[in-house]
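Structure, as structure tokens:
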Amino acid sequence: MTQPPYPVIRLKPKSSPTGVRRGVPWVYDNELVTDRRSKAIAPGTIALLEDAERVPLALVAVNPASRIMARVLDLDTSQIIDRAWLAARLRRALALRERLFDAPWYRLVHAEADGLPGVVIDRFGDTCVIQPNAAWADVMLDDLAAALVEVTGATNVLKNAAGRARALEGLDDVAGVLIGAPPDAALPVPMNGAIYMADLTHGQKTGLFFDQRPNHAFAAQLSGGARVLDVFSHVGGFSLAALAQGATSALAVDGSDPALELARRGAEAMGMSGQFETRKGDAFDVLGGLGEEGRQFDVVICDPPAFAPSKKSLEAGLRAYERTARLAAPLVADGGYLVLCSCSHAADMDAFRRACLRGIGRGLHGAGRGTGPAPQLIHTGGAGGDHPMHTHLAESGYLKALFFRL
């Protein structure tokens, strides 16, 4: 098949092509020649990227409305970006997940790290949920959904249009059904011996956070015979895994009634409603209230939303992580465990660790426990293998989990 006549965009003379050649997946607007012609390219158009000497570099997806004006799709400029190309990328992504998991509950596509920039696809059995967070994916959404069915055998494909990324691309927030039909109710998802209820049409993100799976498992390993507190619990990620591994009780705290209802339904499906309790409220208020009540837990987990979603919010975000640790540490019984998580890519591991340790120190000192042994950092976790990290994109390695023994 003859390659279509892709429009051409070009790097500025002072912009080095080395990064693109080595695999850097983004080209910003200030690196490109942005004349009237290039600015008129429709968002989502596939184009040929050349260096300043007119040497072809890559096939890219262009969005003049975004700071990330070009997203690299393929360094082989002879390729045709069509349904067959999409299917090949999906097969490669599927091969990894089938190696990692024995059941189809996972993140199938993790955007740039799987060669599909801006595209997130989570799989829930025979239903897949696509987040097309880049303009090119929106333009090719029908082909992407069809390729997904071809490769995975899924019967239902949904579009989730929520999130900050789509807004930055100038895209709509309209969700919908692309193929098949949405589930009639929340789906039970087995993971780490627990059962989670995923609402694929009204739930947060795509319905469930698969990225924390290995950290759920490590926390559960510490929870046999333990009293567990799961703060910012969403649908009970850490607490239900802990109950599945023998925790005697678990308290899940979240600000969302629908999320807590799904958590309760998960505990019920596991036959563990009697050991499971929920509390709705602002996490900081609840942590402070539990401290005033003199409550103690053997394992305390805090998995908040991104407090530092950008560099501008980094300092405020680090203060929020420190505050979380300060309020949580006194609730941990002597010899117990504190798990602190961050999904903020702007806060690197060193900064996050320092903020947590400051908070732990102040919390224990304020509780009259400042003269005990220093906290032990026993484990550092990240996202599961179905959330691979792009080696040239730090943002794709966003998740951090610190496990302390106090």
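The numbers here are math on the coordinates, done by the rules we state, and not lab data. Just so it is clear, the structure is predicted and the values come from calculations on it, not from any experiment. Positions of Cβ are generated from backbone atoms using ideal geometry, with glycine treated the same way; all protein chains shown enter the neighbour counts.
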Taking the chain as the reference, fit the longest principal axis to its C-alpha atoms, fit the long axis of helix 83-100 to the helix C-alpha atoms, and give the angle between the two in degrees, 0 to 90, nearest 10. 30 degrees
What percent of all Cα-Cα pairs in the chain falls into each 20 Å bin, going from 0 up to the bin containing the maximum distance? 26, 52, 21, 1
Estimated inter-spin distance, Arg319 and Ala167, nm [label 7 Å along Cα→Cβ]: 2.2 nm
Please compute the contact order of the chain in relative form: average sequence separation of alpha-carbon pairs under 8 Å and at least six residues apart, divided by the residue count, as a percent. 11 percent
Go through Lys12/Lys312; Lys12/Lys159; Lys280/Lys312 and tell me which ones have a Cα-Cα distance over 32 Å in this structure. Lys12/Lys159
tail above 15 Å in the computed P(r) of segment 191-250, as % of all Cα-Cα pairs, reads 44 percent
For segment 1-145, just run the numbers: alpha carbon Rg, then divide by 2.2 N^0.38 Å, N being how many residues it has. 1.09
Between Gly44 and residues 5 or more places away or on another chain, which pairs have amide H atoms under 5 Å apart, with H built 1.01 Å from N, and which residues are they? Val62, Asn63, Trp136
Principal axes of segment 54-111: Cα extent on each, largest first, Å: 47, 26, 18
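Pull up the DSSP beta bridges for the chain and report the antiparallel fraction as a percent, rounded to 5.
Bridges in the chain that DSSP calls antiparallel: roughly 65 percent.
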Residue span Arg369 to Ala185: 0.36 nm per residue of separation minus Cα-Cα distance leaves a gain in nm of 61.5 nm
Of the residues Leu260, Leu144, Leu100, which exhibits the maximal mean-square fluctuation in a Gaussian network model of the chain defined by a 10 Å Cα contact cut-off? Leu100
If amide hydrogens are placed 1.01 Å from N in the peptide plane, which non-local residues have theirs closer than 5 Å to the one on Asp74? Leu59
Between beta-carbons, use under 14 Å as the cut-off and find the net charge around Ala394, counting Lys and Arg +1, Asp and Glu -1. -2
Can you give the Kirkwood hydrodynamic radius of segment 1-71 from its Cα pairs, in Å with one decimal? 12.0 Å
By the Cα gyration tensor axes a ≥ b ≥ c (a/c under 1.5 gives rounded; else a/b larger than b/c gives prolate, otherwise oblate), the shape of segment 198-345 is oblate
For Tyr196, residues with placed amide H under 5 Å, excluding near neighbours: Val189, Met191
Residue span Arg54 to Asp348: 0.36 nm per residue of separation minus Cα-Cα distance leaves a gain in nm of 102.1 nm
Percent RCO, i.e. relative contact order, over segment 330-406, from Cα pairs under 8 Å lying at least 6 residues apart: 51 percent
Would you mind getting me the FRET efficiency between Val33 and Arg295? Use the beta-carbon distance for r and R0 = 51 Å, nearest 0.05. 0.25
For segment 174-190, just list the computed ³J(HN,Hα) in residue order, Karplus coefficients 6.51, -1.76 and 1.60, θ = phi - 60°, integers in Hz, with x standing in for Gly and Pro. 9, 7, x, 9, 8, 9, x, 8, x, x, 5, 8, 4, 8, x, 10, x
Of the residues Ala70, Ala194, Ala103, which exhibits the maximal mean-square fluctuation in a Gaussian network model of the chain defined by a 10 Å Cα contact cut-off? Ala103
With θ set to phi - 60° and the Karplus curve 6.51 cos²θ - 1.76 cosθ + 1.60, what are the ³J(HN,Hα) couplings of segment 55-65 in order, to the nearest whole Hz, using x for Gly and Pro? 8, x, 10, 6, 8, 10, 9, 10, 9, x, 7
In order over segment 112-121: 3J(HN,Hα) from phi, Karplus 6.51/-1.76/1.60, θ = phi - 60°, whole Hz, x for each Gly or Pro, gives 4, 5, 10, x, 10, x, x, 10, 10, 10
